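I have placed the structure first, in the form of structure tokens, so that the comments after it can refer back to it.
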Amino acid sequence: MPAVQETVEQVRRIDVDQYKYGFETPIESEKAPKGLSEDIVRFISEKKNEPQWMLDWRLDAYRRWLTMREPAWARVSYPKIDFQNIYYYAAPKKFKAPKSLDEVDPEILRTYEKLGIPLREQEILAGVVREDGSTPSKVAVDAVFDSVSVATTFKEELKKAGVIFMPISEALREHPELVRRYIGTVVPVTDNFYATLNSAVFSDGSFVYVPAGVRCPMELSTYFRINEKNTGQFERTLIIADKGSYVSYLEGCTAPQRDENQLHAAVVELITLDDAEIKYSTVQNWYPGDSEGRGGVYNFVTKRGDCRGRNAKISWTQVETGSAITWKYPSCILRGDNSRGEFYSIAISNGHQQVDSGTKMIHLGKNTTSRIISKGIAAGKSQNTYRGLVSAHRKATGARNFTNCDSLLVGDKCGAHTVPYIEARNSSAVFEHEATTSKISADMLFYCRQRGLSAEEATALVVNGFVKDVLQQLPMEFAVEAQKLISISLEGSVG
Amino acid sequence: MLLEIKNLHVEIDGKKILNGLDLAIEQGKVHAIMGPNGSGKSTLAYVLAGKEDYAVTEGDILFNGESVLDLDPDERAARGLFLAFQYPIEIPGVATMTFLRTALNAQRKARGEGELSTPDFLKRVREAAGKLEINQDMLRRAVNVGFSGGEKKRNEILQMAMLEPRLAVLDETDSGLDIDALKIVSEGVNRLRSPERAFIVITHYQRLLDYIVPDVVHVLSRGRIVKTGGKELALELEASGYAQYQSEAA
């Protein structure tokens, strides 16, 4: 069988049916009744003991949402979603905010173990010195199990540095003034259909505040996982880096395997003030559906960062291998003079997956710069679209952008599309755009196989070479994980 | 016998390239295969390595007594078959060092051996690279990307040195090499000559055989071996050309 044909065959079988994270944790959960109404919004707000202003904000969002329509411009197709057939709130039952990991349901901890996040080890490992004298870098994890943050590690150490890292529901109680000052200022309540829905029903998510001049002493991480049947997951993440501070944030996502589709509509807001920097990395491997295209997660996410101060910087890095449908455009508003936005993306689609993803770089301030490196890999019968906007405002003198979009096709039943929008209203703006589309070549695979690599190993090696520029942007631990993930999502082999 | 090719018939896209080729190679020997353009030299190299698109319609290839016709290219590689490409392929973004290590470990795994430790691997690669005048910078660069013709060929010999095959097929390794590079590459090959290892050296020109002295020389024409002799046959060919063999074969 010719190598390319073989690759195509493998990709057809892909796994999808062998989704590595397809297990369900039998935990009793407390759900709100199905469907959406003002009562449900009140129910969620009440469950979380929220202040009145938050409830009002949610209700306002809900009322606006009722008047809005789903966006239809993306290159994705799916049956109409019945928003009344979704549970908007699910919490593991008997949930009382744990004081320490010991109070966390062992069943939940086992689930995290299966996912490979060593929550418990994290604490033990802190401070360990390896044989070669190096210390393992620390990662603080805020794990979201369905709608509630189950455990937050490393809280103490962060507290010493003055960094606030907690579930947003908790931040609403402990730091309401901070949440109120910043929430909805990057992604307004009225922004778009899914962001507005999220504003009404968001259940939990992470809140980070890094005070002025502080370099966060460790990588912060959230691990999202959708467990409950028919639960939409609506996290809300808000990260603020005050003047001259720095934080690196990692987000990883998985969902168990199911026949029906699960909706995920998150909102992430990042704010950097003068001289501050946020680095936000995502590895997303939500269930993509089976080989017939049944099931899988709908990932309709609004992520946006606002470089509000001078010399502020926001960098998005994403490795997207999962979800049946991805609709996601992590963006940067470059408001402060000399601010910088970066977007590094690897999007792999396989089976029947549909990806419509990209970024927006909005240049408002003077001498603002941005860089976009996007690598799309389409295999199987998938469709992979890069959609991006680069714009310079009238006052954005000296704005510069460099964009590079490369697409790689594996097989002949998939599609790669590039839709760049470029708008310059300032004559001094310099925007560069490079794009290539190529097919994985039979000669390359044969060369690798002659040296002893199997067809799967050869494909993974070539693809890893293709995405190298972006992998280099990921924090070390994540890069290794991402590399494995790329091999898994392309090979159809498990483990 | 390390390699036995029996009555091999090969077609590509319905066109016959090899027509009943017979060849037997003992371990420890170096066989040169010479012939005019289009005689089937590269086809022979690719068929041995198991490249797709080449259909074997008749005959057999036995490697160590086992037919390899149903084996994938990587399975043949793991059994000790190596092909130095006439036109080595570029693999963007994959460091040469990573490529070497991945290939070596894949073969070791297929043979049921453990992975080589990082220090052992580095030691071996530095030693082999040094002899071929390949520096660290070249090992860090992506496989064959931006390499000169000579660098690509030296890289092929480096891979051969690391993978330690039982049978190495060198497909026009001399093409595109200047005299200095030719010497480095030839010395690299000569260092690997051993009683356990055999070579098939495919070339147009006698010149390479001044450096890599063969035990046996074959003339290939229209898909068959038409003459076999000692190393002096190559000199004869240099003087008289291939024309006589092309008519004989017809």
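General remarks:
One line per residue, one yes/no per condition, for (1) charged (D, E, K, R); (2) surrounded by 20 or more Cβ atoms within 10 Å (Cβ to Cβ):
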site	(1), (2)
B:I5	no, yes
B:V10	no, yes
B:L21	no, yes
B:E26	yes, no
B:V30	no, yes
B:G40	no, yes
B:T43	no, yes
B:L48	no, yes
B:T57	no, no
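- Meets criteria (farther than 21 Å from A:I348 by Cβ, at pLDDT below 95 and not aromatic (F, W, Y)) for A:A429: yes
- Output for the range B:104-154, where each listed residue is in contact with a Phe, Trp or Tyr (Cβ under 8 Å, 6 or more places away or on another chain) and closer than 21 Å to A:S454 by Cα: B:L104, B:V143
- So B:V213, is it of a type in the set (A, V, I, L, M), under 23 Å from B:L81 (Cα atoms), part of a loop (DSSP other than H, G, I, E, B) and away from chain A (no Cβ under 14 Å): yes
- Scanning the range B:88-119 for residues that are surrounded by fewer than 19 Cβ atoms within 10 Å (Cβ to Cβ), more than 17 Å from B:L139 (Cβ to Cβ) and touching a residue at least 24 places away in the same chain (Cβ under 8 Å) turns up B:I89, B:A110, B:R111.
- Residue ranges of strands (runs of 3 or more DSSP E) in the range B:9-75 with at least 2 members more than 28 Å from B:D174 (Cα to Cα), away from chain A (no Cβ under 14 Å) and out of contact with any Ser or Thr (no Cβ under 8 Å at 6 or more places or on another chain): B:54-63
- Tally, over the range B:87-130, of residues that are assigned to a helix (DSSP H, G or I), within 12 Å of chain A (Cβ to nearest Cβ) and either among the charged types (D, E, K, R) or within 27 Å of B:D174 (Cβ to Cβ) (or both): 9
- Just so you know, in the range A:221-235 the residues that are in a strand (DSSP E or B) and crowded, with 24+ Cβ neighbours inside 10 Å include one that is modelled with the highest pLDDT, and it is A:E235.
- From the list B:V226, B:V219, B:V189, B:V201, the lone residue that is assigned to a helix (DSSP H, G or I) and either touching a Cys at 6+ places or on another chain (Cβ under 8 Å) or hydrophobic (A, V, I, L, M, F, W, C) (or both) is B:V189.
- Given (1) within 27 Å of A:A72 (Cβ to Cβ); (2) buried (at least 24 other Cβ atoms within 10 Å of the Cβ), number of the condition A:L334 does not satisfy: (1)
- Residue check, B:R193 more than 10 Å from chain A (Cβ to nearest Cβ), among the charged types (D, E, K, R) and in contact (Cβ under 8 Å) with a residue 24 or more places away in the chain: yes
- Comparison of A:G388, A:G376 shows that the only residue that is in a strand (DSSP E or B), over 30 Å from A:D290 (Cβ atoms) and not polar (S, T, N, Q) is A:G388.
- Test result for B:N19, free of Cβ contacts under 8 Å to residues at least 12 places away in the same chain and in contact with a Gly (Cβ under 9 Å, 6 or more places away or on another chain): no
- Every residue from the range B:131-172 that is open to solvent by 50 Å² or more (accessible area, probe 1.4 Å), modelled with pLDDT of 90 or more and part of a helix (DSSP H, G or I): B:D137, B:R140
- Number of residues in the range B:173-212 that are surrounded by 21 or more Cβ atoms within 10 Å (Cβ to Cβ) and acidic (D, E): the value is 1.
- Failed item in (1) free of Cβ contacts under 8 Å to residues at least 40 places away in the same chain; (2) more than 27 Å from the chain's Cα centre (by Cα); (3) more than 30 Å from B:A45 (Cα to Cα), with A:D443 passing the rest: (3)
Conditions tested, residue by residue: (1) within 25 Å of A:L389 (Cα to Cα); (2) in a loop (DSSP other than H, G, I, E, B); (3) open to solvent by 10 Å² or more (accessible area, probe 1.4 Å).
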residue	(1), (2), (3)
A:L270	yes, no, no
A:Y287	no, yes, no
A:V297	no, no, no
A:F300	yes, no, no
A:G309	yes, yes, no
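- Total residues in the range B:76-86 satisfying the condition of being within 8 Å of chain A (Cβ to nearest Cβ) and open to solvent by 50 Å² or more (accessible area, probe 1.4 Å): the figure is 0.
The values are calculated or read from the model by the stated rules, or taken from the named source; none is laboratory data. Nothing here was measured: the structure is a model prediction, and the numbers come from that model. Cβ sites come from the backbone with ideal geometry, for glycine too, and all protein chains shown count toward neighbours. Areas reflect the complete protein model, heavy atoms only, side chains present, ligands, DNA and RNA absent. Shrake-Rupley method; radii C 1.70, N 1.55, O 1.52, S 1.80 Å.
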